[in-house]
Amino acid sequence: MAFASKKVVVIGGGPAGLMAAEVLLDAGVKIDLYDAMPSVGRKFLLAGKGGMNITHSEPMEQFLSRYGKRRAQIAPLLDAFGPNELRAWIHSLGIETFVGSSGRVFPVGMKAAPLLRAWLQRLRAGGARFHMRHRWLGWNESGGLCFESPDGLCAVQADAVVLALGGGSWARLGSDGAWVPLLAEKGIPVAPLKPANCGFECEWSEHMRSRFAGQPVKSIAISLTDADGNVLSRKGEFLLTATGIEGGLVYALSAQLRDAIDAAGSALVHIDLAPARDLQRVLDEVSHPRGSRSMASHLQSRLNIHGVKAALLRELASKEDYADPVRLATMIKALPLRLLAPRPLDEAISSAGGVRFEALDGNLMVRTVPGVFCAGEMLDWEAPTGGYLLTACFASGHAAGHGALKWLEGS
C-alpha cells in the first residue's frame with residue numbers, strides 16, 4: 001500500500017482524534033493513538049449519558065448559523081462531512097439513528113457506549129494501536145513527541161501528527177487545556193480558553209438560594225440586546241441555581257452573554273414569564289378585578305404565575321411595580337436580571353477559544369509546523385448544544401485525517 005511505511009501519531013482519543021485515526025487507517029497508514037486518560041472517549045461517554053444527541057436535522061443554512069463568528073471556517077468541514085455523512089457513518093457501525101421531535105438526532109438506544117464500542121472494535125481490527133495514560137509534554141530538540149507514561153518518559157517519532165486534545169472544560173475527563181503552553185512555546189497562536197455552554201452568576205437573595213435553587217423555570221423566554229443593538233431572544237427553560245442560572249436556554253445565549261460581560265462587566269437579560277401572551281393581554285389579566293384575593297393568587301389564576309416564577313417576579317420587581325398594573329405587566333413580560341460572570345471553565349459543557357484558524361491552512365495543518373494538524377474542540381470555535389458540538393468535532397477530525405494524507409503524499 002502507498003502509505004504502508006508511513007506512521008502518524010494521533011494525540012487525543014475523543015471523537016476528533018478517533019475520526020482522524022479512522023481516515024488514516026483506511027488509507028493504510030500506521031496509527032498510534034495516545035491519550036492521557038486510562039481509556040478513550042471519556043467526555044464523549046459522559047456527554048451521552050442522558051441521551052446521545054449526535055447531530056441535528058435542521059436545514060444546513062440554519063445549522064451553519066450555529067457556529068457564529070467561525071461559520072466560514074466550519075462550513076468547508078461540514079461540506080465534506082456534515083450531519084448526513086455522520087449519520088451514514090454511524091449506520092456503517094451497525095447502529096441506527098432517529099430524529100426526535102425537536103429535530104435532534106440520536107442513535108437508537110440513546111447511549112454513546114454501544115457506538116464507541118463498535119467504533120473501537122473497527123479501529124483495532126484496522127491495526128490502530130492505543131497507548132493509554134500517556135500525557136503529551138511537547139516536542140524534544142530533535143522534533144520527537146515527548147510523553148509521560150506509566151513506564152516513565154518516552155519520545156516518539158512520526159511522519160505526521162494529529163493533535164485532538166480537547167478544550168479546557170471537564171478536566172477530570174482529560175480536557176484540561178494543558179496543551180496551551182506547549183503550543184505557545186512553538187509560537188502557535190492560541191485564543192484564550194473561555195467557558196461556553198455554561199451557567200452564569202447573579203446576586204440572589206438568601207430566600208431564593210435556600211428555597212428555589214435546583215428548580216426549573218419553564219415556558220419562558222430570555223432576550224438580550226447585543227453590542228450592535230440586535231435583540232436576541234430564545235424560548236425554553238432554565239435551571240435556577242444557588243449562584244445564578246444555567247440550562248439549555250442559557251447555553252443557547254452563552255457566547256453573547258460571555259462577550260457582553262467581557263465588554264461591560266455584566267450582561268442584562270430580560271425574562272418573559274408569559275411568552276404565549278402579548279403585553280396587552282398580560283395587562284388585561286393583571287388589571288382584572290381580583291376582589292379579596294391576594295396578588296399572588298390573582299397572578300396564579302389569571303396568568304399561571306406561581307412557584308419559582310412568582311418567586312422570580314418578587315425577587316426582581318419592586319413594591320412600586322406591584323402597585324401599578326402597567327409596570328407589573330411590563331415586568332412580567334420583561335423581567336430584568338443582571339448576570340455578573342460565567343461559571344468557571346471547568347464546569348462548562350464546552351470551551352471557546354483555542355488554536356486560531358488563521359494559524360492553519362485549509363487542511364488544518366499548522367502553517368509554521370509542517371506535518372502537525374489540529375482538530376476538535378482545541379480549535380477556536382464554539383457552538384450551542386443540540387448536536388452541533390459533536391458534528392463539528394467529527395468533521396474536523398475527518399478533515400485533519402485527510403489533510404495528513406495529503407501531507408504524506410507530498411512528503
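For the reader, a short list of remarks on this structure follows.
- Selection within region 120-147: residues that are touching a Leu at 6+ places or on another chain (Cβ under 8 Å) and at positive phi. The member of this set that is surrounded by the most Cβ atoms within 10 Å (Cβ to Cβ) is Gly138.
- Some residue of region 148-156 being in contact (Cβ under 8 Å) with a residue 24 or more places away in the chain, within 19 Å of Val8 (Cα to Cα) and either of a type in the set (S, T, N, Q) or surrounded by fewer than 20 Cβ atoms within 10 Å (Cβ to Cβ) (or both): yes
- Elements of type helices (runs of 4 or more DSSP H) in region 229-301, at least 2 residues being closer than 23 Å to Lys69 by Cα and either in contact (Cβ under 8 Å) with a residue 40 or more places away in the chain or touching a His at 6+ places or on another chain (Cβ under 9 Å) (or both): 248-251, 254-264
- Summed over region 116-166, residues that are part of a strand (DSSP E or B) and among the small types (Gly, Ala, Ser) total 5.
- Hits in region 369-390 - residues which are of a type outside the set (A, V, I, L, M) and more than 16 Å from Pro181 (Cα to Cα): Pro370, Gly371, Phe373, Gly376, Glu377, Trp381, Glu382, Pro384, Thr385, Gly386, Gly387, Tyr388
- Meets criteria (of a type in the set (A, V, I, L, M), under 25 Å from Val250 (Cβ atoms) and in contact with a Ser or Thr (Cβ under 7 Å, 6 or more places away or on another chain)) for Ile332: no
- For first residues located in region 212-227 and free of Cβ contacts under 8 Å to residues at least 60 places away in the same chain, partners that are of a type in the set (Asp, Glu) and lie 6+ apart or on another chain with Cβ distances below 9 Å form the pairs Lys218/Glu237; Ser219/Glu237; Ala221/Asp272; Ile222/Asp272; Asp226/Asp259; Ala227/Asp259.
- When residues of region 302-314 are limited to those that are touching a Leu at 6+ places or on another chain (Cβ under 9 Å) and part of a helix (DSSP H, G or I), the one farthest from Ile245 (Cα to Cα): Leu303
- Taken together, the residues in region 122-147 that are among the aromatic types (Phe, Trp, Tyr) and without any contact (Cβ under 8 Å) to a residue 60 or more places away in the chain amount to 1.
- Considering residues of region 318-343 that are modelled with pLDDT of 95 or more and in a loop (DSSP other than H, G, I, E, B) only, the residue nearest to Ala267 (Cα to Cα): Leu340
- Considering the conditions (1) crowded, with 17+ Cβ neighbours inside 10 Å; (2) on the phi > 0 side of the Ramachandran plot; (3) part of a loop (DSSP other than H, G, I, E, B), Gly353 is excluded by exactly one of them, (3).
- Residue ID - farthest from Leu78 (Cα to Cα), chosen from residues in region 326-342 that are basic (Lys, Arg) and surrounded by fewer than 18 Cβ atoms within 10 Å (Cβ to Cβ): Arg327
- Qualifying residues in region 83-118 (those that are of a type outside the set (Val, Ile, Thr) and in contact with an Asp or Glu (Cβ under 8 Å, 6 or more places away or on another chain)) - the one nearest to Ile11 (Cα to Cα): Pro107
The values are calculated or read from the model by the stated rules, or taken from the named source; none is laboratory data. In this text the structure is predicted, and so the values were computed from the model without any measurement. As a convention, Cβ positions derive from the backbone with ideal geometry for all residues, glycine included, and neighbour counts pool all protein chains shown.
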